[in-house]
Amino acid sequence: MSRAKRKLDHIEHALSSGQERTHGFEHIRFVHNSIPDAFVDEVDYSSEIGGLSLSSPIFINAMTGGGGERTKMINQQLAEVASECGIGIAVGSQMAAIRDPEERKSYEIVRQTHPNGVVFANLGSEATADQAKRAVDMLQASALQIHLNVIQELVMPEGDRDFRHTLTRIEKIKDAIDVPLIIKEVGYGMSRETAETLASIGVQMIDVGGFGGTNFSRIENARRERKLSYFDDWGINTTSSIIEVTEAAKGISVISSGGLQSALDVVKSIALGADATGFAGYFLKILMEEGQNALIEEINFIHKDIKMLMTALGASSLSELKEVPLVIGGSTKEWCEQRGIP
Ligand code: FNR
């Protein structure tokens, strides 16, 4: 199957895959505060990750590029939304454009459309340091995302099978680029051990990419005759992964992603220790099914709702939000107990 066809297939399947186990946000409950010392108009949800200033904790996470006119159009529309709403945006893996310069347009359109905004470049961990530099240059990127997607590769019939020396490549990439590096999962979450290993080589930003949203095992299995269905329920849910990574790597900027759909998910993510939040599948679904204006409206509502929620919690900034009391239940509580996280 061609790369372009696979990209479009991903989009189609991502819009239709449903699953039972969740991201875990329903396990997080805030302790109500009857005397919050806060005013909606003074709530400031700006953030900083790895030295980058974000006017909003929300960004559009990596999805597409390199599939011809259709993916170029999707990227342009997403970038217009990002620009209109004042949020950051990541492009999908740029390997297609590194291999074939004809494909560059579908990525470059993102920087052209969002000239002064936060734009993240994206490659897989198979990339060399030279390819990483080229991906950053292609977009004058604000940061580079390197995705880890072992399970997706294993379930893909034509996927990678050799995952050796990933850490060495990440280290070389980190040393070669002059923008911040984000290491991200794509829906299987990251563990404390993984975060500690990444921190030990100097990685300063981790996007947990937790279980509970887009499920690449299901997406890839849908294209397989003999299914590797044991990977469909694989991975650490988003809440557990935020807790794991925050616990492991103090001083690391943590990005929450994996199934986020609301302001409440954003506010819970930050209260658990995240510094920013990435939305992929949910925003794509709105764009494809309801159009660009609907997505702009949704993001504007999420921004307003974050202010309402932070006011109710008495938090005027994200650093105050990180201190509010919360109660953890359900399988996230069980996970923390068994993993020895207080
Ligand atoms: C993705 N994702 C992704 N991630 C990445 O690092 N590079 C990529 O090229 C892609 N491609 C891609 C295509 C499509 C159609 C989707 C829906 C997603 C993964 C994405 O950035 C994110 O990590 C996961 O989708 C989990 O977040 P959501 O979708 O649950 O919000």
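Applying the selection to region 331-342, what residues are open to solvent by 50 Å² or more (accessible area, probe 1.4 Å) and outside any loop (DSSP other than H, G, I, E, B)?
Listed by number, the residues that qualify are 331, 333, 334, 335, 337, 338.
Could you list, in sequence order, all residues of region 58-117 that are free of Cβ contacts under 8 Å to residues at least 24 places away in the same chain and under 24 Å from residue 213 (Cβ atoms)?
73
Given the residues 154, 167, which is the only one that is part of a helix (DSSP H, G or I), in contact (Cβ under 8 Å) with a residue 60 or more places away in the chain, away from the ligand (no atom under 15 Å from the Cβ) and not charged (D, E, K, R)?
154
Taking residue 112 as the residue in question, decide whether it is under 18 Å from the mean Cα position of the chain (by Cα) and assigned to a helix (DSSP H, G or I).
no
Could you list, in sequence order, the residues of region 202-232 that are part of a loop (DSSP other than H, G, I, E, B), at pLDDT 95 or above, within 15 Å of the ligand (Cβ to nearest atom) and of a type in the set (D, E, K, R)?
Within region 202-232, 232 is the sole residue that qualifies.
May I ask you to say which residue of 289, 244, 297 is more than 16 Å from the ligand (Cβ to nearest atom), modelled with pLDDT of 95 or more and surrounded by fewer than 18 Cβ atoms within 10 Å (Cβ to Cβ)?
After applying the criteria, what remains is 297.
Which count do you get for residues in region 317-330 that are open to solvent by less than 80 Å² (accessible area, probe 1.4 Å) and β-branched (Val, Ile, Thr)?
2
I need the full set of residues from region 47-66 which are in contact with a helix residue (DSSP H, G or I) (Cβ under 7 Å, 6 or more places away or on another chain), part of a strand (DSSP E or B) and either surrounded by 24 or more Cβ atoms within 10 Å (Cβ to Cβ) or aromatic (Phe, Trp, Tyr) (or both), in order please.
58, 60
Look at residue 255 and say whether it is in contact with a Lys or Arg (Cβ under 8 Å, 6 or more places away or on another chain), closer than 14 Å to residue 306 by Cα and buried (at least 24 other Cβ atoms within 10 Å of the Cβ).
no
The rows are residues; the columns are (1) closer than 18 Å to residue 206 by Cβ; (2) small (Gly, Ala, Ser).
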{"site": "114", "(1), (2)": "no, no"}
{"site": "128", "(1), (2)": "no, no"}
{"site": "139", "(1), (2)": "no, no"}
{"site": "142", "(1), (2)": "yes, yes"}
{"site": "155", "(1), (2)": "no, no"}
{"site": "177", "(1), (2)": "yes, no"}
{"site": "183", "(1), (2)": "yes, no"}
{"site": "186", "(1), (2)": "yes, no"}
{"site": "190", "(1), (2)": "yes, no"}
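Would region 219-227 turn up any residue that is surrounded by fewer than 21 Cβ atoms within 10 Å (Cβ to Cβ) and touching a His at 6+ places or on another chain (Cβ under 7 Å)?
Taking every residue of region 219-227 in turn, at least one turns out to be surrounded by fewer than 21 Cβ atoms within 10 Å (Cβ to Cβ) and touching a His at 6+ places or on another chain (Cβ under 7 Å).
The values are calculated or read from the model by the stated rules, or taken from the named source; none is laboratory data. These numbers were taken from a predicted model, which means no experiment stands behind them. Cβ coordinates were reconstructed from backbone atoms using ideal geometry, including for glycine residues, and neighbour counts include every protein chain displayed. The accessibility values were calculated without ligands, DNA or RNA, using every heavy atom of the protein model including side chains. Shrake-Rupley method; radii C 1.70, N 1.55, O 1.52, S 1.80 Å.
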